[in-house]
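Written below as structure tokens is the structure these notes are about.
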Amino acid sequence: MSDYALALTLVFVGITMLLSIRQKLGLEKEIVVGTVRSALQLLLVGYILHVVFGSRHPLLIMLIITVMIGVAAWNAGARAKRVPRIRLAVALALLCTETVTMAVLLGLGIIDATPRFIIPVSGMTIGSSMVVSGLFLNQMKRETESSRGEMEAYLALGATVKQALAPSVKRAVRSSMIPTFDSMKTIGLVQLPGMMTGMIVAGAEPIEAVRYQILIVFVLASAAAITAMLLGFMSYRLWLDTEGRPYG
């Protein structure tokens, strides 16, 4: 794509701005900030990946993945920032998910052990897991508000923290995973995923693009399950304050 063609894509930003102004949504500032930040961040990442792909140094790969996990954990943790150490729990869940995913992909030789494969797949895995974490935290916040009395009653009767919160955690885990599996049911019929579309536009054969997309779909489904269940397991006690009452 030429610089001129890329510049023309600002037409879509202009349409969004006009609609916001016309409907008096007040989103103009967010649109401008989002447009500038996304463009700068992507350009910066592009230059960084150019260097990393050229050097292929393992420490650089690990550094990039660590930054991805840190940013994702900070962003997802904002959904429940009142809960102490929740960002640490999210980071550990993302780290475990990334470790398991890469161990399987590299151990079975499904992808090559090169930055060109590891970093993009890691980015998609961590990004999807971040969304799952955010959904889990949102649901748990609603659970601690709506089921607060039930939880306190269980605790007052001598139930353990796990026994008192188990129904809510189970519902939160399920709720956070549903969007991933719903998208699996309609993929290819309602939407053509980004990776597949990008490969086709870049000149790859459609069948080859589909093979890689199937790989990513299965990876993201597994990552969603691992992340949600790990986060649920690790965050039981975090949802109680210093007096042993559920946050809400």
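The values are calculated or read from the model by the stated rules, or taken from the named source; none is laboratory data. Keep in mind the model is a prediction, meaning the values are calculated, not measured. A quick note on method: Cβ atoms are made from the backbone with ideal geometry, for glycine too, and the neighbour counts reach across all protein chains shown. Quick note on the areas: whole protein, heavy atoms, side chains included, nothing else; ligands and nucleic acids left out. Shrake-Rupley method; radii C 1.70, N 1.55, O 1.52, S 1.80 Å.
Selection within region 219-241: residues that are under 15 Å from the mean Cα position of the chain (by Cα) and open to solvent by 30 Å² or more (accessible area, probe 1.4 Å). The member of this set that is farthest from SER183 (Cα to Cα) is LEU230. The residue list THR180, THR186 contains one member that is within 20 Å of the chain's Cα centre (by Cα) and in contact (Cβ under 8 Å) with a residue 12 or more places away in the chain, which is THR180. Is it the case, given these coordinates, that ARG171 is out of contact with any Leu (no Cβ under 9 Å at 6 or more places or on another chain) and modelled with pLDDT under 85? The answer is no for ARG171. Which members of region 196-233 meet the condition of being of a type in the set (Gly, Ala, Ser) and not in a helix (DSSP H, G or I)? Residues satisfying the conditions are ALA202, GLY203, ALA204.
The conditions of being in contact with a Gly (Cβ under 9 Å, 6 or more places away or on another chain) and of a type in the set (Gly, Ala, Ser) are met by SER176.
Within region 116-130, the residues that satisfy the criterion of being surrounded by fewer than 19 Cβ atoms within 10 Å (Cβ to Cβ) and either among the basic types (Lys, Arg) or closer than 16 Å to GLY194 by Cβ (or both) are ARG116, PRO120, GLY123, MET124, GLY127. Meeting the requirement of 3 or more residues that are loosely packed, with under 11 Cβ neighbours inside 10 Å and under 20 Å from the mean Cα position of the chain (by Cα), the helices (runs of 4 or more DSSP H) wholly within region 10-112 are 28-55.
Taking the conditions exactly as written (closer than 30 Å to THR227 by Cα, of a type in the set (A, V, I, L, M, F, W, C), out of contact with any Gly (no Cβ under 6 Å at 6 or more places or on another chain) and without any contact (Cβ under 8 Å) to a residue 24 or more places away in the chain), does LEU59 satisfy them or not? Yes; evaluated as a whole, the condition is true for this residue.
Pairs are defined by a Cβ separation below 9 Å, a sequence spacing of at least 6 or placement on different chains, a first member in region 137-162 that is under 20 Å from LEU230 (Cβ atoms) and β-branched (Val, Ile, Thr), and a second member that is part of a helix (DSSP H, G or I) and open to solvent by 50 Å² or more (accessible area, probe 1.4 Å); the pairs so defined are THR160/TYR154; VAL161/ARG237.
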